[in-house]
Amino acid sequence: MAFALARKGALRPVSAQRGPNVRVAKPGLLRTPAFAARPQVQTKAASLSVPVNDLTDEERKQLAHELGFKSVGRELPDGVSLTDIVKSMPPEVFELDHGKAWRAVLISVTAMAASLYLISISPWYLLPFAWAFSGTAFTGWFVVGHDCGHRSFHKNNLVEDIVGHIMFAPLIYPFEPWRIKHNHHHAHTNKLVEDTAWHPITEEEMAKWDETTAAIYKVFLGTPLKLWASVGHWWVWHFDLNKYTEKQRTRVMISLAVVYAFMATAFPALIYYTGVWGFIKFWLMPWLGYHFWMSTFTVVHHTAPHIPFKPADQWNAAKAQLSGTVHCDYPGWVEFLTHDISWHVPHHVASKIPWYNLRKATESLRKNWGDYMTECTFNWRVVKNICTVCHVYDEKVNYKPFDFKKEEPLFAFQRRFLPDNV
């Protein structure tokens with residue numbers, strides 16, 4: 001979906017049937033002298049070619065409304081460094097509290113046990129609700145291991161390594177490979193090509209695709225199936241020893257051994273006692289529920305029509321971590337079970353902030369840097385743009401859809417039938 005500036009200051013969707021390049025006359029439409037003086041502006045693929053900093057506060061509010069956000073922040077000034085932002089936060093947000101850390105372990109273990117019991121007693125028509133609960137509880141296990149990987153769980157690194165491996169094992173996530181690649185994501189957030197989490201496809205990459213590859217990418221990254229695409233990311237990035245240096249491989253192989261040992265013992269036992277259906281019911285469906293949140297949290301945090309990815313020579317760490325990371329509010333039960341991982345902006349400003357201090361750190365950032373932050377409440381409009389529009393890198397307008405040259409049936413169907421709001 002593209003957005004054009006309409007009368008009375010509103011932003012209205014532009015039908016993709018009008019073609020990928022839509023020019024909208026700006027003078028006189030918004031009745032503001034600064035805007036009226038601008039030349040015509042090209043809109044494309046849910047992004048404005050006018051930089052966010054060129055919009056007035058009122059126009060940014062309108063853009064936020066149309067894109068499903070509570071606020072769209074201005075771009076951080078060039079002179080601000082990441083160190084400046086970190087120093088603006090109170091020192092106590094960096095302090096570790098072992099009691100709160102172990103409380104998260106207790107919550108996640110108890111929630112997972114309760115969810116498995118619910119699955120065991122639920123009739124077939126209630127299983128989807130039990131799976132939703134168990135998948136969310138499973139995500140809490142990941143968040144505990146996630147803090148261990150960032151060295152924000154315990155003052156003893158050995159304890160963190162042990163807990164991280166234990167919490168990741170049921171997820172079939174090798175702890176050390178994930179830790180290495182995830183830290184690389186933090187070091188290169190929203191940097192084109194370098195970011196190992198999510199980044200737009202480039203036209204150069206698309207040119208290399210055969211028909212089968214193109215179909216796979218378009219189905220799994222160009223539809224709501226993107227909300228489970230972390231399954232592919234998990235497989236591609238964390239089991240290939242060639243992606244790691246000789247120095248890293250010993251620890252990587254230990255993590256792989258832990259995962260394989262879990263699979264070799266837990267999976268046969270589960271199938272022996274509960275059958276194949278029990279394996280699907282008690283592990284596979286909760287695991288897919290976990291990957292829904294893994295994918296959703298990540299793409300919502302780092303993908304928005306107005307937030308750019310930058311090549312290395314244009315990339316700025318402070319802008320990427322503060323202005324380029326989205327705060328999203330989720331239902332309270334989700335935030336409780338996932339240990340506030342959705343309060344994500346301070347985590348990217350300083351990854352050693354433990355989960356239980358993220359709310360206080362967020363309030364500090366809002367107070368000092370709120371004009372530069374993008375926030376939303378989890379909603380379908382935000383997700384729809386991520387899944388059906390934000391695909392291919394464009395230097396001028398950030399994103400364009402896979403079918404930017406000529407509309408394709410898959411995307412035409414989605415534009416026509418997927419609602420803007422649910």
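Looking at region 335-346, which of its residues are out of contact with any His (no Cβ under 6 Å at 6 or more places or on another chain) and either surrounded by 19 or more Cβ atoms within 10 Å (Cβ to Cβ) or outside any helix (DSSP H, G or I) (or both)? Break it down into steps so the answer makes sense when it comes.
Applying the first criterion (out of contact with any His (no Cβ under 6 Å at 6 or more places or on another chain)) to region 335-346 yields 335-343, 346.
Answer for region 335-346, where residues must be out of contact with any His (no Cβ under 6 Å at 6 or more places or on another chain) and either surrounded by 19 or more Cβ atoms within 10 Å (Cβ to Cβ) or outside any helix (DSSP H, G or I) (or both): LEU337, THR338, HIS339, ASP340, ILE341, SER342, TRP343, PRO346.
Here's the yes/no breakdown for (1) in contact with a Gly (Cβ under 7 Å, 6 or more places away or on another chain); (2) β-branched (Val, Ile, Thr); (3) buried (at least 18 other Cβ atoms within 10 Å of the Cβ):
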position	(1), (2), (3)
LYS100	no, no, no
SER108	yes, no, yes
ALA111	yes, no, yes
GLY135	yes, no, yes
PHE142	no, no, yes
HIS146	no, no, yes
LYS155	no, no, no
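Close contacts from region 126-137, counting a first residue that is under 13 Å from TRP287 (Cβ atoms) and a second that is among the hydrophobic types (A, V, I, L, M, F, W, C) and part of a helix (DSSP H, G or I), with Cβ to Cβ under 6 Å and a gap of 6+ residues or different chains, come to TRP131/MET285; THR136/VAL334; THR136/LEU337; ALA137/ALA111; ALA137/MET112; ALA137/LEU337. Every condition in (1) in the same structural domain as LYS70 (by TED's automatic domain parsing); (2) within 26 Å of LYS310 (Cα to Cα); (3) not in a helix (DSSP H, G or I) is met by GLU407 except one, and the failing one is (2). For region 301-323, filtering for residues that are buried (at least 23 other Cβ atoms within 10 Å of the Cβ) and of a type in the set (A, V, I, L, M) leaves 4.
For region 118-125, check the following and say yes or no: at least one residue is touching a residue at least 24 places away in the same chain (Cβ under 8 Å) and crowded, with 22+ Cβ neighbours inside 10 Å. Among the residues of region 118-125, not one is touching a residue at least 24 places away in the same chain (Cβ under 8 Å) and crowded, with 22+ Cβ neighbours inside 10 Å, which makes the answer no. The residue list ASP147, ASP161 contains one member that is of a type in the set (D, E, K, R) and closer than 19 Å to HIS344 by Cβ, which is ASP147. On the stretch given as region 111-125, residues that are assigned to a helix (DSSP H, G or I) and farther than 15 Å from PRO170 by Cα total 8.
When restricted to residues that are of a type in the set (Lys, Arg) and either closer than 19 Å to MET294 by Cβ or touching a Gly at 6+ places or on another chain (Cβ under 8 Å) (or both), region 206-242 contains 1. Residue under question is ASP161, and the condition is that it be outside any helix (DSSP H, G or I), of a type in the set (D, E, K, R) and touching a residue at least 12 places away in the same chain (Cβ under 8 Å); does it hold? Against the criterion (outside any helix (DSSP H, G or I), of a type in the set (D, E, K, R) and touching a residue at least 12 places away in the same chain (Cβ under 8 Å)), ASP161 does not qualify. Filter region 192-214 down to the residues that are surrounded by 12 or more Cβ atoms within 10 Å (Cβ to Cβ) and either in contact with a helix residue (DSSP H, G or I) (Cβ under 6 Å, 6 or more places away or on another chain) or in a loop (DSSP other than H, G, I, E, B) (or both) and list them by number. Selection gives LEU192, VAL193, GLU194, ASP195, THR196, ALA197, TRP198, HIS199, PRO200, THR202, TRP209.
Of all the criteria given as (1) in contact (Cβ under 8 Å) with a residue 60 or more places away in the chain; (2) surrounded by 17 or more Cβ atoms within 10 Å (Cβ to Cβ); (3) at negative phi, the one not satisfied by THR362 is (1).
Answer yes or no: is there a residue in region 400-422 that is of a type in the set (A, V, I, L, M), at pLDDT below 95, within 25 Å of PRO51 (Cβ to Cβ) and out of contact with any strand residue (DSSP E or B) (no Cβ under 7 Å at 6 or more places or on another chain). No; the residues of region 400-422 include none that is of a type in the set (A, V, I, L, M), at pLDDT below 95, within 25 Å of PRO51 (Cβ to Cβ) and out of contact with any strand residue (DSSP E or B) (no Cβ under 7 Å at 6 or more places or on another chain).
What about GLY149, is it under 19 Å from the mean Cα position of the chain (by Cα) and among the small types (Gly, Ala, Ser)? When the stated conditions are applied, GLY149 passes them.
Residue-by-condition table, conditions (1) part of a loop (DSSP other than H, G, I, E, B); (2) touching a Lys or Arg at 6+ places or on another chain (Cβ under 9 Å):
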| site | (1), (2) |
| --- | --- |
| TRP131 | no, yes |
| PHE138 | no, no |
| VAL144 | no, no |
| PHE153 | yes, no |
| ALA169 | no, no |
| ASN183 | no, no |
| THR189 | yes, no |
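So is TYR217 more than 16 Å from the chain's Cα centre (by Cα) and in a loop (DSSP other than H, G, I, E, B) or not? Steps first, answer last, please.
On the way: more than 16 Å from the chain's Cα centre (by Cα): yes; in a loop (DSSP other than H, G, I, E, B): no.
Judged against the criteria, TYR217 is not a match.
Can you name every one of the helices (runs of 4 or more DSSP H) wholly within region 13-92 that holds 2 or more residues which are surrounded by fewer than 17 Cβ atoms within 10 Å (Cβ to Cβ) and at pLDDT below 60? Spell out how you get there, then give the answer.
Details: elements: 33-36, 57-67, 82-87.
Here the list reads 33-36.
For region 267-280, state whether one or more residues are among the polar types (S, T, N, Q), at pLDDT 95 or above and touching a strand residue (DSSP E or B) at 6+ places or on another chain (Cβ under 6 Å). Spell out the reasoning first.
Of the residues in region 267-280, the ones among the polar types (S, T, N, Q) are 274.
So of that shortlist, the ones also at pLDDT 95 or above come out as 274.
If we keep only those that are touching a strand residue (DSSP E or B) at 6+ places or on another chain (Cβ under 6 Å) too, we end up with none.
Scanning region 267-280 turns up no residue that is among the polar types (S, T, N, Q), at pLDDT 95 or above and touching a strand residue (DSSP E or B) at 6+ places or on another chain (Cβ under 6 Å).
The values are calculated or read from the model by the stated rules, or taken from the named source; none is laboratory data. All of these numbers come straight from a predicted model, not from anything done at the bench. Neighbour counts are summed over all protein chains in view; Cβ atoms, including those assigned to glycine, are modelled from backbone coordinates with ideal geometry.
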